[in-house]
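One structure is given below, encoded as structure tokens.
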Amino acid sequence: MDDRGSTTPEEPAPPDDAASGRARERIERLRARAGELEGQARVRFEQERAHRGWVQIAYDTWDMDRRRGGPLLSGGLAYRIFLFELPFLLFLISLFGIVSDVSGKDPEQVAHDSGLSAAMATTIAQAVNEAGAARWWLLVLGAWLTVWAARSGVRSVILISTIAWGLPIGGVKTTVRGTASFIGVVFIAFAIQVVVPGLFAGGLLLDLVMFVLLTVVTFIVILVPMRYLPHRGAAWLPVVPGAALLAIGVRALAVATDVYFAGRLGRVDDLYGGLGIAIVILLYLYLLARLFVWGQFLNARIGGVTLPARTEAPEGVP
């Protein structure tokens, strides 16, 4: 009120306060809408679980993987495979060097004649030349370390299968057959990757046919040794779903390698050197190990393994 008794009009709110108020209201509406959609999704998911068996199986597989440390098991397996690849590549490089000495051909030509790509053939040739006269010793050392690393990988695979099927965890023992199977699967996978680029040289229909055929071959290569892993029931049926999942995933990763990982390796090598390459390879191996672990839990779920229902933790206990 001024000196003459009149009132002054109220000053309008600052524009910034009005804008922030509208923004808060919009955020609250979005939160409410998101909560509503989440509730509808939960209801729909529960309905699908009740009416569709495959949805329930997929959920139980995910739940078993999460509650039994699937990501941790996958990381350990990926690390073991990475440790296996180092002496395995040392053995192959030494073998290429010896073959080049016996045949009188250049190491790069030997690698190229084996079906390897030009980039990989060049890399192997450089490694062979750096090895020099120590190729026989490196061959023996690589072979011994390959077998040792394969035994470690087999123990990891057996342990994962034992955990997935809920079997008693005792002393995990490896056998000659298990070690040979592990090395054989890796070698066949390497050979398939060498042959694959030459197979996909036709049109779209031919490429699709070759993709299906390679998936079937990969499925058989995985199924045969997987039947010897710890599980319940008959020899073949309990491991078929996991082998099929892993085979399809391996072929999908092969496509991802051509589309993503191959180019990424070149760029990472320029930026970060050998450490960057190791990181990309470990990422690829982790995805591969993740597929194997999911396959084992899928086998266990279809085989009748279930987990006890979760109970609410007491108040104050995380």
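Counting the residues of segment 164-183 that are assigned to a helix (DSSP H, G or I) and within 25 Å of the chain's Cα centre (by Cα) gives 8. Checking each residue in segment 278-318 for being crowded, with 17+ Cβ neighbours inside 10 Å, modelled with pLDDT under 85 and among the small types (Gly, Ala, Ser) picks out only Gly303.
From the set of residues in segment 56-74 that are among the aliphatic types (A, V, I, L, M) and over 20 Å from Glu46 (Cα atoms), which is least open to solvent (accessible area, probe 1.4 Å)? Ranking the qualifying residues of segment 56-74, first place goes to Leu73.
Looking only at residues that are open to solvent by 30 Å² or more (accessible area, probe 1.4 Å) and not in a helix (DSSP H, G or I) in segment 219-235, which one is nearest to Arg177 (Cα to Cα)? Per the criteria, the residue is Tyr228.
A quick yes/no check of all residues on (1) modelled with pLDDT under 70; (2) closer than 21 Å to Ile222 by Cβ; (3) open to solvent by less than 70 Å² (accessible area, probe 1.4 Å); (4) hydroxyl-bearing (Ser, Thr, Tyr):
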position: Val110; (1), (2), (3), (4): yes, no, yes, no
position: Ala121; (1), (2), (3), (4): yes, no, yes, no
position: Gly142; (1), (2), (3), (4): no, no, yes, no
position: Thr179; (1), (2), (3), (4): no, yes, yes, yes
position: Ile192; (1), (2), (3), (4): no, yes, yes, no
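Of the residues making up segment 82-108, those that are of a type in the set (Lys, Arg) and either at positive phi or modelled with pLDDT of 65 or more (or both) number 0. Residue-level check: of (1) free of Cβ contacts under 8 Å to residues at least 12 places away in the same chain; (2) touching a Leu at 6+ places or on another chain (Cβ under 6 Å); (3) among the small types (Gly, Ala, Ser), Ala78 misses just (1).
Does segment 249-266 contain at least one residue that is hydrophobic (A, V, I, L, M, F, W, C), out of contact with any Asp or Glu (no Cβ under 6 Å at 6 or more places or on another chain), under 17 Å from Ala164 (Cβ atoms) and modelled with pLDDT of 80 or more? The answer is no, given that none of the residues of segment 249-266 is hydrophobic (A, V, I, L, M, F, W, C), out of contact with any Asp or Glu (no Cβ under 6 Å at 6 or more places or on another chain), under 17 Å from Ala164 (Cβ atoms) and modelled with pLDDT of 80 or more.
The values are calculated or read from the model by the stated rules, or taken from the named source; none is laboratory data. Everything numeric here is computed off the predicted structure, so don't read it as measured data. We place every Cβ from the backbone using ideal geometry, glycine too, and count neighbours over all the protein chains shown. Note: accessible area is taken over every heavy atom of the protein model, side chains too, but ligands, DNA and RNA are not part of it. Shrake-Rupley method; radii C 1.70, N 1.55, O 1.52, S 1.80 Å.
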